[in-house]
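Below is one structure, written out as C-alpha coordinates, with a few remarks after it.
The values are calculated or read from the model by the stated rules, or taken from the named source; none is laboratory data. What you see is a predicted model, and the numbers here were worked out from it, not measured in a lab. Note that we place each Cβ from the backbone using ideal geometry, even for glycine, and neighbour counts take in every protein chain shown. SASA here: full protein model, heavy atoms, side chains in, ligands and nucleic acids out. Shrake-Rupley method; radii C 1.70, N 1.55, O 1.52, S 1.80 Å.
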Amino acid sequence: VGVSLASTWNPELGYTFGKVLGEEARYRGKDVILGPGINILRTPLNGRNFEYLSEDPYLISKMVVGYIKGVQDQHVAACVKHYLANNQETDRNTVSVEMNERTLREIYLPGFAAAVKEGGVYTLMGAYNKFRGQYCTHHEYLINKVLKEELGFDGVVISDWGAVHSTLEALKFGTDVEM
(Lines give C-alpha, C1' and ligand atoms only; values in the text may rest on other atoms or scores of the structure.)
Protein backbone atom coordinates (compact mmCIF):
# COMPACT_ATOMS: atom_id res chain seq x y z
CA VAL A 1 0.00 0.00 0.00
CA GLY A 2 1.02 3.62 -0.47
CA VAL A 3 2.04 4.38 3.09
CA SER A 4 4.26 1.28 3.19
CA LEU A 5 5.87 2.18 -0.12
CA ALA A 6 6.62 5.74 1.01
CA SER A 7 8.10 4.53 4.30
CA THR A 8 10.99 3.04 2.28
CA TRP A 9 12.08 6.52 1.11
CA ASN A 10 13.16 4.77 -2.11
CA PRO A 11 12.02 6.50 -5.33
CA GLU A 12 13.46 3.67 -7.44
CA LEU A 13 11.23 1.23 -5.57
CA GLY A 14 8.35 3.60 -6.34
CA TYR A 15 9.04 3.07 -10.03
CA THR A 16 9.23 -0.70 -9.63
CA PHE A 17 5.99 -0.70 -7.61
CA GLY A 18 4.24 1.31 -10.33
CA LYS A 19 5.70 -0.90 -13.06
CA VAL A 20 4.28 -4.04 -11.45
CA LEU A 21 0.88 -2.41 -11.04
CA GLY A 22 0.96 -1.23 -14.64
CA GLU A 23 1.95 -4.67 -15.94
CA GLU A 24 -0.85 -6.33 -13.99
CA ALA A 25 -3.37 -3.75 -15.18
CA ARG A 26 -2.28 -4.12 -18.80
CA TYR A 27 -2.48 -7.93 -18.53
CA ARG A 28 -6.05 -7.60 -17.26
CA GLY A 29 -6.98 -5.20 -20.07
CA LYS A 30 -7.26 -2.10 -17.86
CA ASP A 31 -6.44 1.36 -19.16
CA VAL A 32 -6.34 3.34 -15.90
CA ILE A 33 -5.18 2.69 -12.35
CA LEU A 34 -6.94 4.80 -9.71
CA GLY A 35 -3.75 5.73 -7.91
CA PRO A 36 -1.48 6.90 -6.51
CA GLY A 37 -3.25 8.51 -3.59
CA ILE A 38 -1.20 11.38 -2.25
CA ASN A 39 -3.19 13.41 0.23
CA ILE A 40 -1.52 14.52 3.43
CA LEU A 41 -2.15 12.19 6.37
CA ARG A 42 -3.70 14.43 9.03
CA THR A 43 -5.93 12.21 11.15
CA PRO A 44 -5.55 8.52 11.98
CA LEU A 45 -9.29 8.10 11.33
CA ASN A 46 -9.11 8.92 7.61
CA GLY A 47 -10.31 5.84 5.75
CA ARG A 48 -7.84 6.43 2.89
CA ASN A 49 -4.65 6.69 4.95
CA PHE A 50 -3.50 3.22 3.90
CA GLU A 51 -3.31 4.25 0.25
CA TYR A 52 -1.89 7.75 0.71
CA LEU A 53 1.86 8.03 0.59
CA SER A 54 2.78 10.16 3.59
CA GLU A 55 2.25 13.14 5.84
CA ASP A 56 5.38 14.75 4.38
CA PRO A 57 4.98 16.85 1.20
CA TYR A 58 8.64 16.43 0.26
CA LEU A 59 8.51 12.65 0.54
CA ILE A 60 5.26 12.50 -1.40
CA SER A 61 6.78 14.64 -4.16
CA LYS A 62 9.72 12.25 -4.50
CA MET A 63 7.76 8.98 -4.33
CA VAL A 64 4.84 9.91 -6.59
CA VAL A 65 6.98 10.50 -9.68
CA GLY A 66 8.43 7.00 -9.91
CA TYR A 67 5.08 5.40 -9.15
CA ILE A 68 3.41 7.30 -11.99
CA LYS A 69 6.21 6.68 -14.48
CA GLY A 70 6.29 2.99 -13.60
CA VAL A 71 2.57 2.65 -14.29
CA GLN A 72 2.50 4.80 -17.40
CA ASP A 73 5.58 3.16 -18.94
CA GLN A 74 3.33 0.08 -19.19
CA HIS A 75 0.83 2.04 -21.33
CA VAL A 76 -1.64 2.38 -18.47
CA ALA A 77 -2.74 5.78 -17.17
CA ALA A 78 -2.10 6.62 -13.54
CA CYS A 79 -4.80 8.67 -11.81
CA VAL A 80 -3.39 10.76 -8.96
CA LYS A 81 -5.96 11.41 -6.25
CA HIS A 82 -7.80 12.92 -4.36
CA TYR A 83 -7.35 16.54 -5.36
CA LEU A 84 -7.34 18.19 -2.75
CA ALA A 85 -7.30 18.11 1.07
CA ASN A 86 -9.26 14.87 1.45
CA ASN A 87 -8.05 14.25 4.98
CA GLN A 88 -11.00 13.02 7.02
CA GLU A 89 -13.92 10.61 6.95
CA THR A 90 -16.24 12.60 9.22
CA ASP A 91 -18.53 14.57 6.93
CA ARG A 92 -16.12 14.01 4.03
CA ASN A 93 -18.90 14.68 1.51
CA THR A 94 -19.83 18.04 3.00
CA VAL A 95 -16.91 19.41 5.02
CA SER A 96 -15.36 22.60 3.70
CA VAL A 97 -11.61 22.71 4.24
CA GLU A 98 -10.55 26.25 5.03
CA MET A 99 -6.82 26.86 4.71
CA ASN A 100 -4.66 29.80 3.84
CA GLU A 101 -2.72 30.06 0.61
CA ARG A 102 0.66 29.37 2.21
CA THR A 103 -0.55 26.07 3.68
CA LEU A 104 -2.06 25.11 0.34
CA ARG A 105 1.14 25.85 -1.55
CA GLU A 106 3.68 24.48 0.94
CA ILE A 107 1.88 21.40 2.29
CA TYR A 108 -0.96 20.27 0.03
CA LEU A 109 0.12 21.13 -3.53
CA PRO A 110 3.74 19.90 -3.82
CA GLY A 111 2.82 16.26 -4.44
CA PHE A 112 0.25 17.15 -7.08
CA ALA A 113 2.71 19.58 -8.70
CA ALA A 114 5.35 16.84 -8.88
CA ALA A 115 2.78 14.38 -10.26
CA VAL A 116 1.95 16.79 -13.08
CA LYS A 117 5.28 18.44 -13.84
CA GLU A 118 7.73 15.58 -13.21
CA GLY A 119 5.53 12.49 -13.38
CA GLY A 120 3.46 13.57 -16.37
CA VAL A 121 0.35 11.98 -14.88
CA TYR A 122 -2.42 11.40 -17.42
CA THR A 123 -5.44 11.63 -15.12
CA LEU A 124 -6.40 13.22 -11.81
CA MET A 125 -9.35 12.49 -9.53
CA GLY A 126 -11.07 15.19 -7.53
CA ALA A 127 -11.99 14.87 -3.86
CA TYR A 128 -15.41 14.64 -2.23
CA ASN A 129 -14.89 17.52 0.18
CA LYS A 130 -15.28 21.23 -0.37
CA PHE A 131 -12.39 23.66 -0.38
CA ARG A 132 -13.20 27.19 0.69
CA GLY A 133 -16.90 26.48 0.18
CA GLN A 134 -16.82 24.92 -3.31
CA TYR A 135 -16.62 21.19 -4.09
CA CYS A 136 -13.10 20.11 -5.06
CA THR A 137 -14.16 18.03 -8.04
CA HIS A 138 -15.47 21.12 -9.77
CA HIS A 139 -13.56 23.92 -8.12
CA GLU A 140 -12.88 26.96 -10.25
CA TYR A 141 -9.67 28.01 -8.48
CA LEU A 142 -8.16 24.58 -7.76
CA ILE A 143 -8.81 23.02 -11.16
CA ASN A 144 -8.85 25.79 -13.73
CA LYS A 145 -6.42 28.26 -12.16
CA VAL A 146 -3.96 26.13 -10.19
CA LEU A 147 -4.04 22.70 -11.82
CA LYS A 148 -4.55 23.56 -15.46
CA GLU A 149 -3.17 27.09 -15.78
CA GLU A 150 -0.33 27.21 -13.23
CA LEU A 151 0.78 23.57 -13.23
CA GLY A 152 0.02 23.02 -16.91
CA PHE A 153 -2.03 19.85 -16.45
CA ASP A 154 -3.50 18.84 -19.80
CA GLY A 155 -4.79 15.41 -18.83
CA VAL A 156 -8.24 14.23 -17.82
CA VAL A 157 -9.91 15.37 -14.58
CA ILE A 158 -12.36 12.77 -13.29
CA SER A 159 -14.69 12.84 -10.33
CA ASP A 160 -14.84 10.31 -7.57
CA TRP A 161 -18.11 8.36 -7.58
CA GLY A 162 -20.95 10.74 -6.80
CA ALA A 163 -18.62 13.70 -6.20
CA VAL A 164 -20.16 16.00 -8.84
CA HIS A 165 -22.87 18.12 -7.24
CA SER A 166 -23.49 20.47 -10.14
CA THR A 167 -23.21 19.45 -13.78
CA LEU A 168 -22.95 23.12 -14.75
CA GLU A 169 -20.06 23.77 -12.33
CA ALA A 170 -18.34 20.57 -13.46
CA LEU A 171 -18.60 21.70 -17.07
CA LYS A 172 -17.41 25.25 -16.34
CA PHE A 173 -14.70 24.42 -13.84
CA GLY A 174 -12.73 21.68 -15.51
CA THR A 175 -14.19 18.24 -14.74
CA ASP A 176 -13.85 16.07 -17.84
CA VAL A 177 -15.46 12.80 -16.71
CA GLU A 178 -18.19 12.33 -14.10
CA MET A 179 -18.18 8.95 -12.38
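So here's what we get for this one:
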quantity	calculated
Rounded accessible area of GLU23 (nearest 10 Å², 1.4 Å probe)	80 Å²
Sites matching chymotrypsin sites (Phe, Trp or Tyr not before Pro) across region 100-161 that sit in DSSP coil, with at most 15 neighbouring C-beta atoms within 10 Å	TRP161
Cα-based radius of gyration of the chain once divided by 2.2 N^0.38 Å, which approximates compact folds	0.95
Antiparallel bridge percentage (DSSP; both residues within the chain; nearest 5)	10 percent
Proximal lysines to LYS62, defined as alpha-carbon separation beneath 17 angstrom and excluding residues fewer than eight positions away on the same chain	LYS19, LYS81, LYS117
Theoretical ellipticity at 222 nm over the chain - DSSP helices of four or more residues, -39500 (n - 2.57) apiece, nearest 500	-8500 deg cm²/dmol
Estimated Rh, region 80-132: Kirkwood, alpha-carbon pairs, angstrom	11.8 Å
Stokes-Einstein D (µm²/s) once Rh is taken as the Kirkwood radius of region 17-98 over alpha-carbon pairs, at 10 °C in 1.306 mPa s	118 µm²/s
